[in-house]
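Below is one structure, written out as structure tokens, with a few remarks after it.
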Amino acid sequence: MIDVFQNDAFRFFLLFNMLVALGMYVVYSTGQLSLGQAGFAAVGAYAGSYVDVKLGWPLVPVLLAAAAAAALVAIPVAFGANRVRGLYLLMGTLAVTEVVRVSLSNLDAVGGIQGIHGMEPSGVLEMAVVLALAIVGVAWLMSSPLGLEMRAIFDDEDAAAAAGVSTRTVKIIAVVAGAALTGIAGALFARYLSFIRPDLFGIGLSFSIALYVLIGGVHSLAGPLVGAFLITYLLEVLNRMQQFGLPPVLDFASPWRFAIYGGLVMAVMAVRPEGLLTRGAVRSLQAPLRRRLRRLRTSAHAAAIPARRWTAGEGSALEVVGVGHRFGGLVALEDVAFTIRPAEIVALLGANGAGKTTLINVVAGRLPLQRGSLRLARTSLGRLPAHRRTRLGVSRTFQSVRVFGHLTVGENVRLGLRAARDRARLPLEWLIELAGAPPEALARDLTLVGQRRVEIARAVASSPLVLLLDEPSAGMNERERGELAQLIRALRDLGIAVVLVDHNVDLALGIADRIVVLDFGLVIAEGVPDAIRRDERVRAAYLGTMGRSA
Amino acid sequence: MTEIAQTLLNGLLLGANYALLALSYTLVFGVLRLLTLAHGQIFMAAGLVALVAADRQGQPLIVTGLVAIVVGASLGVATDLLAFRPVGLGRPIAAAVATIGFALVIENTALQLRGSSTAVGLREPLPAPDLVLGPFLLSTVQLFILAIAAVVMVGTNAFVDRSRWGMAMRALAESPRLLPLLGIPVGRITVLTLAISGALAGLASFLVALRNGSVSPLAGTDIGLVGLAIMTIGGLGSLPGAMVAGIGLGIVEAFASSIGVGTFQSAIPWLLLVLILLVRPHGILGKPE
């Protein structure tokens, strides 16, 4: 029986693989599945080796140079990556690996296909120190507000923007930071081998790095580390099967080790598609704090809201002037104009296809403003992107619930709080009560209505001037709808201007101060609920459904 | 002038091969919205088995070609049964990772059964007398490849566009959850899609073997990735896009080779991919998701 850990090279590559997995983790935490990691490792390895051999720099500056070079190359890649999504991103970054490799092969300054030789050696100890520092650094990053934003983007990029996250900036930072870390790993790799060649950094390495994270799981820091460790260890043990003194029957394992590995990859994906360590699994190892779901008790807590107001008492909160929107030839909004004051609830009514959700999307910045103008208090919203509007005070919920499933209830709410900027913040405890679930529960474990409450709490957490609620009562029962009505009134009393779109006409007429009725992209009626109930055009547009609630 | 036309022609012939390969990826992605990373290995294995089991046993070329197609189709079906189905249609990343596992299994098996990584050659390389057409030189093998590729591409397109099964495939691409409610057997469509796709990879492999005269057990990864790059350049899931991109790449490579770009030749698909994505983030003919 032999101990694979006695092998120095094995120990080094075990740590190396864990470090590159960490670099990949930083990038993939934002949902950007990069196959450019081998390219970044190559750039770091070459930059480090170059300043080592040609300029005689010592270890620490060598590693810093490697990080800087990899980060520099990653910047244009990150900007490019921002333009594409999904498989296009995967293939684009794979191209980066290949282009870097071929470019290095043709660069005579770094030895072409011969590469660079004669670096100062460094070994397992240096690698271990760097890995330890990297683990501490990445753990800090991922638990920081920036890390929270990264993980939110992984779950839902549009919703993250709606929650005030500058998705573009955060994604670029993630790619560059992950590349820098990978560059350092590359430099250490070069020093361990004392030579470096372009063909050491092929597409295969990029795929291996991705597998460490995908097999380990991306929803915890431990996932990528465990993935890299297990895969490296497994392949080494299989490779040295004969040396373990096992029955010869098992000798087949060495030549067939990649098939065995491949089979295990398939099995892991079938059983644990999110990787071995899911966030749920990690948390259940920790002390389980499954508190009973607490009921939403808004009326009792409305009084507990601090009296401090962030909203203006005068003027209009939101002005919609002549807004039009077309999808190709389809006119969704023809010419919509209305105003909402602070501390007012305006319900948008209209049959399916009347343009309600389109209007919300235009106001929130998810769809571009094609015609007309939008003013929030005294600021023109014009062409501002969604996250800037949220920070200025336009918050929204989505028609189909969009919470960050892999974030806890508490984290969902904290993300919303960050968008409050310099406006007075609502107390976290009150917002958690509003969310109606234990703060440590994962949002995706909640029921649909539970998730909707979390989404509303997240939107309210940003202390909005204008809150856009798109079908908040969908799926709710009578009691829950009653509680929602109380909550919306409480939010109005805080000074928030609430725009409510809901199919439940009773709810809308019951709590709205004013009603705006849309039909085929035009405002056909506007007024207090009683007047709207009697309006003939509205009755006609709704084909009598309004009569029941009168 | 003739020189340019000749290069264009060479590029077209090379591109037809690429297009066929990209088509096999595009079919899977277009219908199932899933990425298969095992097709390069299927391509390699189909060619290898056909050469060893048919050509080397003295079978005529037509039999060798059929064996390649059947092996390709079988491995395509295996991809569905072993990699996609256990994961489920709704998890694209896990499904793609599972196909990496399957690719490893195929490649390892090929290497073990072959006993070495050396390429297997055709029993007797095709007599390829160059055809002289006016000022142009053409190889009959390449014309043959072009003809088959053209027929198969048009046929595949027509099948997906016109036939009942093709309609079911497009419906699956559109809304996977709705199909079972309409009583359409989703499982049969996914198997059929992967069988056709695998058969296309097998056919492409056979045609490439005719052109190159050999198949290497290690050829899978590179050729597979080039196929993926072409699909991406053309626009994910777009059959015409795959064909345009395949032929386009063939022409670009032919011109690059005639100018002489050295080792940068192998980076051409990737440079082209980056350029196209910067201008058109959804490829040449792809639609935004």
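Tabulated data for the structure shown
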item	result
Cα centroid separation - the range B:17-37 against the range A:46-67, whole Å	43
Relative contact order [Cα under 8 Å, 6+ residues apart], chain B, whole percent	38
Per-residue HN-Hα couplings for the range B:203-218 [Karplus 6.51, -1.76, 1.60; θ = phi - 60°; Hz; x = Gly/Pro]	4, 4, 4, 4, 5, 5, 4, 4, 6, 7, x, 7, 9, 10, x, 9
Nonlocal amide H pairs with residue A:345, under 5 Å, H built at 1.01 Å	A:498, A:513, A:514
Amide H partners (placed H, <5 Å) of residue A:325, local residues excluded	A:332, A:333, A:334
Shape category assigned to the protein assembly as shown from the gyration tensor of Cα positions, a/c cut at 1.5	prolate
Set of aspartates and glutamates with alpha-carbon distance to residue A:171 below 15 Å, sequence-local pairs under 8 removed	A:149, A:155, A:156, A:157, A:158
Proximal aspartates and glutamates to residue A:54, defined as alpha-carbon separation beneath 16 angstrom and excluding residues fewer than eight positions away on the same chain	A:108, A:120
Cα centroid separation - the range B:60-114 against the range B:152-220, whole Å	13
Crossing angle, helix A:409-418 versus chain A [Cα axis fit, 0-90 degrees, rounded to tens]	80
Residue A:519 long-range amide H proximity, modeled H, under 5 Å	A:524
Fewest-first ranking of A:236, A:149, B:3, using other Cβ atoms within 10 Å as the exposure measure	B:3, A:236, A:149
Sorted by Cβ density within 10 Å, fewest first, the residues A:158, B:80, A:493	A:493, A:158, B:80
Prolate/oblate/rounded label for the range B:110-204 (Cα gyration tensor, a/c 1.5)	oblate
Whether the range A:407-475 is rounded, prolate or oblate, judged on the alpha carbon gyration tensor where a/c under 1.5 counts as rounded	oblate
Whole-Hz ³J(HN,Hα) from phi, Karplus 6.51 cos²θ - 1.76 cosθ + 1.60, for the range A:27-44, glycine and proline x	5, 6, 4, 9, x, 8, 7, 9, 10, x, 4, 5, x, 5, 4, 5, 4, x
Degrees between helix B:2-32 axis and first principal axis of chain B (Cα, 0 to 90, nearest 10)	20
³J(HN,Hα) computed for each position of the range A:473-479 - Karplus, 6.51 cos²θ - 1.76 cosθ + 1.60, integer Hz, glycine/proline x	8, 4, x, 8, 8, 3, 5
Distance from the range A:162-224 to the range A:337-404 (C-alpha centre basis), Å	38
Kirkwood Rh in Å, taken over the range B:131-186 so that all alpha-carbon pairs contribute	14.0
Order of B:56, A:11, B:177 - criterion: other Cβ atoms within 10 Å of each residue's Cβ, fewest first	B:177, B:56, A:11
Degrees between helix B:239-259 axis and first principal axis of chain B (Cα, 0 to 90, nearest 10)	30
Selection of trypsin sites (Lys or Arg not before Pro), the range A:386-485, meeting DSSP coil and at most 15 other Cβ within 10 Å	A:421
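No lab work stands behind these numbers, since they all come straight from the coordinates. Predicted model, so just to flag it, every value in this text is computed and none were measured. Neighbour counts run over all protein chains shown; Cβ positions are idealised from the backbone, glycine included.
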